[in-house]
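Trainee: Just passing along the structure, written as structure tokens.
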Amino acid sequence: MKTSDPVRKVKGIGEKSVPLYEKLGIRTVGDLLCHFPRGYERYEAPVLISAAGEGTVCTVEGMLTSSAKPVPGNARKMVVARIRDVSGEMELRWFNAPYILKQLPVGRKLLFRGKTSRYGRTVSMVQPEVFTEDTYRARMKSLRPVYHLTAGLSGNAVSKAIKAALAETEVEDYLPGKYRRAHGFMKLADAYSEIHCPKDESVTKEAVRRLSYDEFFRFLLSMRHLKAGILREANSFVIEKHTVADAVRAGLPYKLTGAQQTVINEIANDLQGPFPMQRLLQGDVGSGKTIVALLALSMCAEQGFQGCLMAPTEVLARQHMETFTKLLAPYGIGVTLLVGSQSAAERKQVLSGLADGTYRIAIGTHALFQEKVEFQNLGLVIVDEQHRFGVKQREQLMKKGAMPHLLIMSATPIPRTLAMMLYGDMDISMLSEQPAERLPVKSCVVDGSYRPTAYNFIKKQVAQGGQAYVICPMIEESENFDAENVTDYAAKLRQEFGGDIVVEALHGQMPASDKNRILSDFAEGRIQVLVSTTVIEVGINVPNATVMMVENAERFGLSALHQLRGRVGRGAKQSYCILVQGNDDPESKERLSVLLTAKDGFAIAEEDLRLRGPGDFFGIRQSGDMDFRVADIIRDAETLKFAREDIEALSDGETEQMYNLLIADKADIVIY
Ligand code: ADP
Ligand code: MG
């Protein structure tokens, strides 16, 4: 098999699962091999039932005191069983898993691993995995890869498919031997095999090092290539008109911060400069990036060019659309929205308006860059809440006409030294100042016993007109688990709060239309408490929300937590962030406590860099840290440095040569 073959050729991937793989962006065998684990799981030693705690993932060993039974009439086909060990009893629950009935006869001793949860007075484990003593002991010794999944595709199925592909695919190593030797890297085929089927931790580390280098190298190479191309192009969209921008500024209910003014000046200079703009705006959460984007786009529109703003999610795009329409309508600037869920008729109307120039500003998702979209004269592209904007996408843009100006607004600040290494080929602006009248968010790190107090607190905040987010981390053991997790949690909160408070659940597997409806209901105050996984879109702005409660906070990176916290404290009211630590590890506590004192996102990123020891090398990455597939800019900073040095050493001619070798026309290599 070749890496360019379709995944359908892999043994075990049937007609039915092809669309599921496609959902994960996997079309070819090469894509499948590059579907790297987002981390590894190590099974920990079992704990006593009495020590299992609540809301944590753990393993218990117990004897079935009654055999598993279906609960009659339960809509989700619930099955319940009970187990006992020397310390106590526990209830086990499964949903939609009738096959479990046969595995669990009374009197059998087994191990169960899953998340504990309280229903009324009993602590239960929901949807646990079941092991015999032998299978569990084997698991405890090995690293198990954890993959991004989609409903209908289990981790086991993906693992099996990858193994089958590895066994039959010839993997060609694209990296010239010179670099392999200089850094002592293993071969690509070995790296693939070791990262998916880890046999030895030190070898897995080497595989990660090799693949991280490749990612960095290709990323930096394409940035360099792009930069060389841009330096050959003159600025075709000279933008000098600022009257609308000045009027919008004057009409704002607030004064721009000094940092915002500086950045806007930098952008205005770029827009009238000799080359197309290539700027990265690193802005702390809540520092007011949206208005910066809006002002730049208004300059572009006034000059007679078109501009667009790309958001990572539809919800955020819709929210931007509202802000833009409100602020720009008085000046007769046509703003339109382009997202995946629009009807064909709506879409047609938007596309024709973009092609004939009726609309000067388009706000949307990736849908903006599909082939069918034609702009009359696209002069400025702004990418919101993302570090990296596909190099391939940028090239597509270049092909659509003259090279437009590009502004990338980052989701998470990263330490300056790392930013320089990654984005040295762009200009970088910083936005670290918070608007002056903001009250800093009051934060605390607590354990599970604090929950009743937290719920009471939320009740009070809601009574005073506030709103709250409750975040549950994604649970990786089962593909549907995060959905179950938030729906169960929301049900529990409804019970807790009674009928007066509207609680809704939001998770990644919902159809876009449901997500949109729930988020707009939340934004407009029809929902008071939103229980969500981190799909709660970055960037969302609901100034009336005053509480952010995060369950199992230890499972998140500090920067991700800072992002989440940034969802509150956006209005005039005092806001609060409650971080519930789900384990009692003192190191986790120390790490979380950084959030109580650090000044801003940049300081947090620096601390993250300092605190992230090699200890959690194989840990599971949460979204927010996931800019690269394997590489972690903090963990792999050393490798990044090598890649940067190797790129710097290339001459212009070599850059083009390497680009052609490693990137151009390589359909099976994914570059963001
Ligand atoms: P982010 O940088 O996280 O994208 P937003 O652009 O969403 O932040 O801005 C957050 C909130 O702050 C918005 O409600 C916006 O209207 C407000 N805001 C932006 N700039 C200022 C400012 N200079 N003074 C006061 N409020 C501001
Ligand atoms: Mg934003």
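The values are calculated or read from the model by the stated rules, or taken from the named source; none is laboratory data. Since the structure is predicted, the reported quantities are computational estimates derived from the model, not experimental observations. Quick reminder, even Gly has a Cβ in these numbers, built from the backbone with ideal geometry, and neighbours come from all protein chains shown. Each accessible area value is taken on the protein alone, full model and side chains, heavy atoms only, with ligands, DNA and RNA left out. Shrake-Rupley method; radii C 1.70, N 1.55, O 1.52, S 1.80 Å.
Trainee: Please state the charge dipole magnitude for the chain, taken about the Cα centre, from unit charges on C-beta atoms (+1 on K and R, -1 on D and E), reported in debye and rounded to the nearest 20.
Mentor: Values: 83 positive and 83 negative charges, 299 e Å.
That gives the chain a dipole magnitude of about 1440 debye.
Trainee: Kindly point out which whole DSSP H helices in the chain project their C-alpha atoms 30 angstrom or further along the helix axis while averaging a Kyte-Doolittle hydropathy of 1.6 or above.
Mentor: On the way: long enough: 201-232 (46 Å, -0.20).
Length and hydropathy pass: none found.
Trainee: Please report the accessible area of residue 375 (heavy atoms, 1.4 Å probe, ligands and nucleic acids excluded) in Å², nearest 10.
Mentor: 30
Trainee: Shifting gears a bit: How much accessible surface area, in Å² rounded to 10, belongs to the heavy atoms of residue 602 with a 1.4 Å probe?
Mentor: Ignoring ligands and nucleic acids, residue 602 comes out at about 30 Å².
Trainee: Here is a further query. Relative contact order of the chain: what whole-number percent is it, with Cα pairs under 8 angstrom and at least 6 residues apart?
Mentor: On the way: 1258 pairs, mean separation 100.2, N = 672.
It comes to 15 percent, rounded to a whole number.
Trainee: Would you be so kind as to identify which of 328, 354, 116 lies farthest towards the positive end of the dipole of the chain, taking Lys and Arg as +1 and Asp and Glu as -1 on Cβ and the Cα centre as origin?
Mentor: 116
Trainee: Compute the orientation-averaged projected area for the stretch 50-208 from the convex hull of its Cα atoms and round it to one decimal in nm². All intermediate terms of the calculation are to be shown ahead of the outcome.
Mentor: Numbers: hull surface 50.3 nm².
Over all viewing directions, the stretch 50-208 projects a mean Cα-hull area of 12.6 nm².
Trainee: What is the magnitude of the charge dipole of the stretch 10-152 about its Cα centre, with +1 placed on the Cβ of each Lys and Arg, -1 on the Cβ of each Asp and Glu, and no other charges, expressed in debye to the nearest 20?
Mentor: It comes to approximately 240 debye.
Trainee: In addition: Between 33, 149, 418, whose Cα lies farthest towards the positive end of the dipole of the chain when Lys and Arg beta carbons carry +1 and Asp and Glu beta carbons carry -1, centred on the Cα centre?
Mentor: Comparing the listed Cα positions along the dipole, 149 ranks first.
Trainee: Separate question: Give the carbon-plus-sulfur fraction of the accessible surface of the chain in %, rounded to a whole number; probe 1.4 Å, heavy atoms of protein chains only. Provide the component values of the computation, followed by the final result.
Mentor: Details: 14670 of 28130 Å².
Whole-percent figure for carbon plus sulfur exposure: 52.
Trainee: Check each of the chymotrypsin sites (Phe, Trp or Tyr not before Pro) in the stretch 164-259 and keep only those in coil by DSSP with at most 15 other C-beta atoms within 10 angstrom; list them in order. Kindly include the intermediate steps, with their values, before the conclusion.
Mentor: Values: sites: 174, 179, 185, 192, 213, 216, 217, 219, 237, 254; in loops: 174, 185, 237, 254.
Answer by residue number: 174, 254.
Trainee: Could you work out the helix-only [θ] at 222 nm for the chain, with each DSSP H run of four or more residues adding -39,500 (n - 2.57) and the total divided by the number of residues, to the nearest 500 deg cm²/dmol? Don't jump to the answer; show the numbers that get you there.
Mentor: Values: 23 runs with 263 residues, N = 672.
Computed mean residue ellipticity for the chain: -12000 deg cm²/dmol.
Trainee: May I pose another question? Please grab the % of Cα pairs in the chain that end up more than 33 Å from each other. Before the final figure, lay out each step's value.
Mentor: Numbers: 116281 of 225456 pairs.
Across the chain, Cα pairs with separations above 33 Å total 52 percent.
Trainee: Same structure, new question: Would you mind counting up the charge near residue 142? Only other residues with Cβ under 12 Å from its Cβ, with Lys and Arg at +1 and Asp and Glu at -1. Before the final figure, lay out each step's value.
Mentor: Numbers: positive: 42, 137, 139, 141, 144, 199; negative: 41, 200, 201.
That works out to +3.
Trainee: Using the Cα centre of the stretch 167-283 as origin and beta-carbon charges of +1 (Lys, Arg) and -1 (Asp, Glu), tell me which of 184, 237, 247 is placed farthest towards the positive end of the dipole.
Mentor: 247
Trainee: Calculate the dipole size of the stretch 251-341 relative to its Cα centre from +1 charges on Lys and Arg beta carbons and -1 charges on Asp and Glu beta carbons; express the result in debye to the nearest 20. Let's see the in-between values first.
Mentor: Numbers: 5 positive and 6 negative charges, 26 e Å.
Using Cβ point charges on Lys, Arg, Asp and Glu, the stretch 251-341 gives about 120 debye.
Trainee: Accessible area per residue for the chain in Å², computed with a 1.4 Å probe and the full protein assembly in place, what is it? Let's see the in-between values first.
Mentor: Details: 28130 Å² over 672 residues.
Using a 1.4 Å probe on heavy atoms only, each residue of the chain averages 42 Å².
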